[in-house]
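The values are calculated or read from the model by the stated rules, or taken from the named source; none is laboratory data. As the structure is a computational prediction, the values presented were derived from the model and not from experiment. Positions of Cβ are backbone-derived with ideal geometry, glycine not excepted, and every protein chain shown enters the neighbour counts.
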Amino acid sequence: MDSQDWDDRYAASELVWGAEPNQWVVRELTGRTPGHALDLAAGEGRNAIWLAAQGWEVTGLDFSAVALERAERLTSDLPDEVADRLTWRHGDARAVEAPAAGYDLVLVAYLQIPAADRRAALRRAADALAPGGTLLVVGHDLSNLTEGVGGPQDPAVLFTPQDVLADLADRGLRTVRAERVHRTVGGEPGHRGGGGGTGGKGGEDARIAVDALVRLERGAG
C-alpha cells in the first residue's frame with residue numbers, strides 16, 4: 001500500500017483509527033517523564049495527541065498527506081498548551097532523519113509493511129533514540145491470522161516480537177518487554193474488519209486481536 005492508497009483510505013471515512021490512544025501505548029507510557037517524542041506512521045495523530053497531553057513534545061510523521069491534514073484539524077481543537085507541543089511532518093518512516101540530540105521516545109504503532117521495509121523503518125527508529133531513550137513497537141502479530149480477529153490478512157505485513165528483536169539485534173538496545181498481547185476489539189475502529197468480524201476461533205475468542213509488543217531502551221551512557 002503506497003501513500004496514495006493511504007490517502008484514499010483516510011479520505012473515505014472519518015477517524016479511521018478512532019480518537020482514543022492505543023491501549024498499549026497508554027499502558028507502557030503512562031507516568032513516564034515527558035521529553036521529546038517521535039511518532040512514526042502517526043496517522044491521524046491519536047497517539048501523538050495523547051502524548052502531547054501528557055507533556056511530551058511530539059513530532060508526528062506520516063506519509064499520508066490526508067491523515068496529516070486531519071491531524072492538523074484535530075490539533076486546532078486542542079488547548080493551546082497541548083497543541084503547541086505537536087509538530088506534524090510528511091515523510092517516509094523508512095528514511096526519517098533524527099535531530100542530533102535524538103528522541104527520548106520513538107513510537108511505531110501498527111506500521112504494517114513488508115519485512116524489508118519494516119526492518120529499514122525500525123532501524124531508523126532505533127538510530128533516532130537519544131541516550132536513555134525508549135523505542136515502543138506495537139503491531140498486528142502474525143498469529144492474529146489464526147488466533148485473533150481483524151487487522152491485515154496478508155502475512156507479509158504481519159510480524160512477531162521475535163521479528164522486531166531480530167531486525168534490531170545489532171543496535172545495542174536493551175529489551176524491556178517482547179511479548180504477544182491480547183486486545184479486545186471494539187474500541188479501535190481501524191483494527192476491525194479483515195476476516196469479516198470473525199477470527200480463527202468462534203465464540204468469545206472472535207473478539208480478541210493478537211498484537212506484538214516490543215519495548216526497548218538505549219543505554220544512558
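Computed quantities for the displayed model
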| item | result |
| --- | --- |
| Evaluation of residue 181 against (1) in contact with a Phe, Trp or Tyr (Cβ under 9 Å, 6 or more places away or on another chain); (2) at pLDDT below 95 (one fails), failing number | (2) |
| Any hit, the range 194-214, residues being of a type in the set (A, V, I, L, M), assigned to a loop (DSSP other than H, G, I, E, B), modelled with pLDDT of 95 or more and more than 25 Å from residue 60 (Cβ to Cβ) | no |
| Counted residues, the range 23-41 - those being within 15 Å of the chain's Cα centre (by Cα) and either among the charged types (D, E, K, R) or modelled with pLDDT under 95 (or both) | 4 |
| Failed item, numbered, when residue 79 is tested on (1) surrounded by fewer than 15 Cβ atoms within 10 Å (Cβ to Cβ); (2) more than 19 Å from residue 25 (Cβ to Cβ); (3) of a type outside the set (Lys, Arg); (4) touching a residue at least 12 places away in the same chain (Cβ under 8 Å) | (4) |
| From 133, 151, 139, residue being in contact with a His (Cβ under 6 Å, 6 or more places away or on another chain) and in contact (Cβ under 8 Å) with a residue 40 or more places away in the chain | 151 |
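Okay, residues lined up against (1) crowded, with 16+ Cβ neighbours inside 10 Å; (2) of a type in the set (S, T, N, Q); (3) over 26 Å from residue 167 (Cβ atoms); (4) touching a Cys at 6+ places or on another chain (Cβ under 7 Å):
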residue: 45; (1), (2), (3), (4): yes, no, no, no
residue: 58; (1), (2), (3), (4): yes, no, no, no
residue: 61; (1), (2), (3), (4): yes, no, no, no
residue: 75; (1), (2), (3), (4): yes, yes, yes, no
residue: 95; (1), (2), (3), (4): no, no, no, no
residue: 117; (1), (2), (3), (4): no, no, no, no
residue: 123; (1), (2), (3), (4): no, no, no, no
